[in-house]
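Quick notes on the structure that follows.
Where a number appears in this text, it was derived from the coordinates with a stated rule and is not lab data. Predicted model, so just to flag it, every value in this text is computed and none were measured. Cβ placement follows ideal geometry from the backbone for every residue including glycine, while neighbour counts extend to all protein chains displayed.
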Amino acid sequence: MMLRNSSNAVLRKLSSCPSFKAHDGKLVMKTPLVLKSHATTRSTAPFSTQSAPTKEKPIIANASDVSTSKCPFSTVSSTLDAIDTAKTDREQSRPVPTLKDVPSVPLLGVFVNAIPFIGDWLNDNFYHNPNVTPHNAYDVHYEMYQKYGTFYTTYIPGIGEGLYPKVYMIMDPEEMKKVIRQEGAYPRGGVEGLKPMVKWMKKNNFKLAGAGSNDNGFLGRGETWRKYRNFMQTDLLSPKSASGYVPGVANAAKIASRGVPYYASDLNTFFNYAAFDMFQSIMFGQVSKLADPNTSSNPVDVEFCRLAVDSLAYLVRMSDDPQEAIKASLGIETELYYKFDKTMDALKDIVMEKLTVFIERWDRNELDDNERKSYFAHAIERQRAEESGIDESELMQICLLMLNASVDTTSTFICWAMVHLSTNLHVQENLYRELKQHLDASEDGMLHAEMLTKAKSPYLHAVLRESHRMTPVYPSTMFKSNSVADIEIHGVTVPKGSVVGFDSYPIGMDPMIVDQPERFIPERWIGDEPIQARKGTPAEVLDSVMYRDPFSQGARRCPGSRVAVNETQLILSQLVLDWKISAPPSVKTYRDIPYKMQTLLVAQLPEMNVEARV
Ligand code: HEM
């Protein structure tokens, strides 16, 4: 009832027309609201420039399980949302933005300022491309949107290919679905740009790296990817599998929560440790307690966390920095590659030792109940089944990649939600009240999977959705290729084999489209009313599955997505139940909290005030 009232209050608010100060003070304008009614459309908004859109038919089946989702090929499933090939009314009547082109130079693409000596001068005087730093990705993406709109070609080494590494950037989910429909059996993955990882795997004779110089294995698009991907996602990605791990994750979150007051001045480390603890419970069924300084923790686990965070940060920097990306594609080893290589070697030693010990204990039948239910224990069984086609070294390599990917990806997502909860204490209180009801009804004082569904915890889900709107872990996490055929995007023929990126950030932050975009309002996502209010307005794209979360879509969607969401929900819930966490007075809004590009964009959390709830 309380939520319904607040949702109505927001809608009432949305039907007025306040003036907006646009993004970070850069664009100041008065604007009509577009979230208020079906009838409200603007003539200048993206996707609504020529005609009013008609009501959209849902074209994405909201599959509830792997077995029901459609996918480009039978065994690897897109798991969450299969793409329906039907053409919608909206597609037929949708207005068409014009394709713009971002000026670029050969090889370095839009990063003109990376040209030695004269780059800055050239860019300042002729190209005027935004200067990308590790601290400004949100602003850069918004600036590109303001300059080039919702459909432009940009040139990004490491993502696009060839002399001019062209990437089509789009923001319309219907157009992105066209790309996904034409991905074919071997879709392009976001990991494809991570060439140094392939190099490192080949150096270590990983079968996962594929055979021969033209096969990038799991990081490529061939049969090798498909085989390992199938094995990896089994027991992990379906809602049923993921919810099986919830008791262990809830326990890890409960223990981790005790550590918060000790880590109040270094919550970034705390969330890395908490993500580690939660994933250990999934992978091994073990309680590692790294985030709770009251218990003795294994120094090897501490070292593993550091290596996992550093290795991926080096890896991403090698793809992000245009000069590094070009050198990586030419096979040149830089200082950064050297650091990455050493870090990965050390990480491999730790992981392989741990996996070996576990396998030996499995063989000696020494695992306890929780360990026997773990992902790795089941994976050993699956690997040993005759038809698996996976040998033990491949199994261990698969798990190494998973463990490496399981720390700061998840902690980044959690950190941003914590930023918003700690700067919007009324939201934290609302969330507390929702969760407290569940805890009061819980017989064992623990959070359970059924409490975390959208139906039972709408506010929790809305908090994560709103956090993703304002501060996605990265503005664009989806780069796909129409490998099968030419397609038309906004009326322009995009040749087969092009790279198309989806930018999910600017629209959700445009004051012409979203009321008070700088304010954290979870009620935007609760119940049917806000969705109905967005229907037929430019804001309706935000309800598309493409905008919903940071895990991408299609058959390459993150295999850890469901467990990562469960982990995020459980640790946030436990923290909010145990503590009131508030940002220091110097932090007025989330904009006062800096962020930095590591594997993703990580909020640099300030020292928080932590007060126990009684
Ligand atoms: C909030 C946390 C996470 C986020 C935001 C995230 C995001 C992503 C994204 C955007 C992709 C690329 C999808 C594409 O190519 O279209 C991806 C791939 C991947 N993720 Fe995650 N991820 C997270 C957590 C995890 C976890 C916990 C694991 C551990 C299993 C994991 C393992 C992987 C792997 C192995 C891939 C490559 C899959 C493939 O290419 O088929 N991720 N992730």
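At a glance:
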read-out	value
Computed over segment 473-614, Cα set: Rg, Dmax in Å	18.8, 62
Residues in segment 367-398 that a label on T295 would reach, taking backbone N under 20 Å of a point 7 Å out along Cα→Cβ	367-377
Mean-position separation - Cα centroids, segment 194-232 and segment 131-186, in angstrom	25
Spin-label zone in segment 576-612 - amide nitrogen under 15 Å from a point set 7 Å from the Cα of L425 along the C-beta vector	579-589, 608-612
Subset of K177/K348; K227/K289; K342/K588; K240/K354; K203/K354 violating a 31 Å alpha-carbon distance limit	K177/K348; K227/K289; K342/K588
Cα-based shape type of segment 409-448, given that a ≥ b ≥ c are square roots of the gyration tensor eigenvalues and the cut on a/c is 1.5	oblate
R0 of 60 Å, Cβ-Cβ distance E392-E607: FRET efficiency to nearest 0.05	0.85
Using a Förster distance of 25 Å, the FRET efficiency for K596-L122 (Cβ separation, nearest 0.05)	0.35
Segment 531-607 and segment 290-368: distance between their alpha carbon centers, rounded to Å	25
Simple spin-label estimate for M352 and D266 in nanometres, 7 Å along Cα-Cβ	3.0
Cα gyration tensor, segment 157-215 - rounded (a/c under 1.5), prolate or oblate	prolate
Cα gyration tensor shape of segment 208-358, rounded if a/c is under 1.5, else prolate or oblate by comparing a/b with b/c	oblate
